[in-house]
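Participant: Encoded as structure tokens, here's the structure I'll be asking about.
Computed from the coordinates by the stated procedures, all read-outs in this text should not be read as laboratory data. This structure is a prediction, so every number in the text was calculated from the model and none was measured. Every residue, glycine as well, gets a Cβ built from its backbone with ideal geometry; the counts of neighbours run over all protein chains shown.
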Amino acid sequence: MFVVDEVPVGVFRVDGNFFALHNECPHAGASLAHGLIDGDVVSCRIHHWRFCVRDGTYLDQNQPEQNAKTIPVRVVGAEVQIDIAVD
């Protein structure tokens with residue numbers, strides 16, 4: 001978990017690729033970075049809501065308003081860079 005410009009960010013590595021989400025579960029605000037990861041799915045540590053780290057999709061029900069917010073990521077050399085300005 002990182003904080004960039006006062007925005008908590010969870011960064012996940014899946015199959016060698018990096019993905020970033022706002023580090024707040026849309027349901028209750030718990031840290032997603034401190035949740036359980038299984039493949040490309042992260043589960044919130046409090047209520048166990050599941051999200052795809054690739055695109056933020058809330059996986060337990062068809063409720064797009066509950067999707068986690070994604071943050072663009074790019075890798076430049078040995079750096080993982082995120083674009084917090086995109087919202």
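Participant: With charges only on Cβ, +1 for K and R and -1 for D and E, what is the dipole size of the stretch 2-82 about its Cα centre, in debye, rounded to 20?
Facilitator: Working: 6 positive and 10 negative charges, 20 e Å.
My answer is approximately 100 debye.
Participant: Among HIS34, HIS22, which comes first, second and so on when ranked by fewest other beta-carbon atoms within 10 Å?
Facilitator: Numbers: HIS34 13, HIS22 18.
With the fewest neighbours first, HIS34, HIS22 line up as HIS34, HIS22.
Participant: Something else: Identify which of VAL75, VAL41, VAL14 has the largest mean-square fluctuation in a Gaussian network model of the chain, with springs joining Cα atoms closer than 10 Å.
Facilitator: VAL75
Participant: Going by how many other Cβ atoms sit within 10 Å of their own, how do LEU36, LEU21, LEU59 line up, fewest first?
Facilitator: Values: LEU36 11, LEU21 25, LEU59 14.
Ascending Cβ contact count within 10 Å gives the list LEU36, LEU59, LEU21.
Participant: Using the C-alpha gyration tensor of the stretch 2-82, what are the square roots of 5 times its eigenvalues, in whole angstrom, with the largest one first? Working shown, then result.
Facilitator: Numbers: eigenvalues 84, 37, 24 Å².
For the stretch 2-82, the ellipsoid semi-axes come out as 20, 14, 11 Å.
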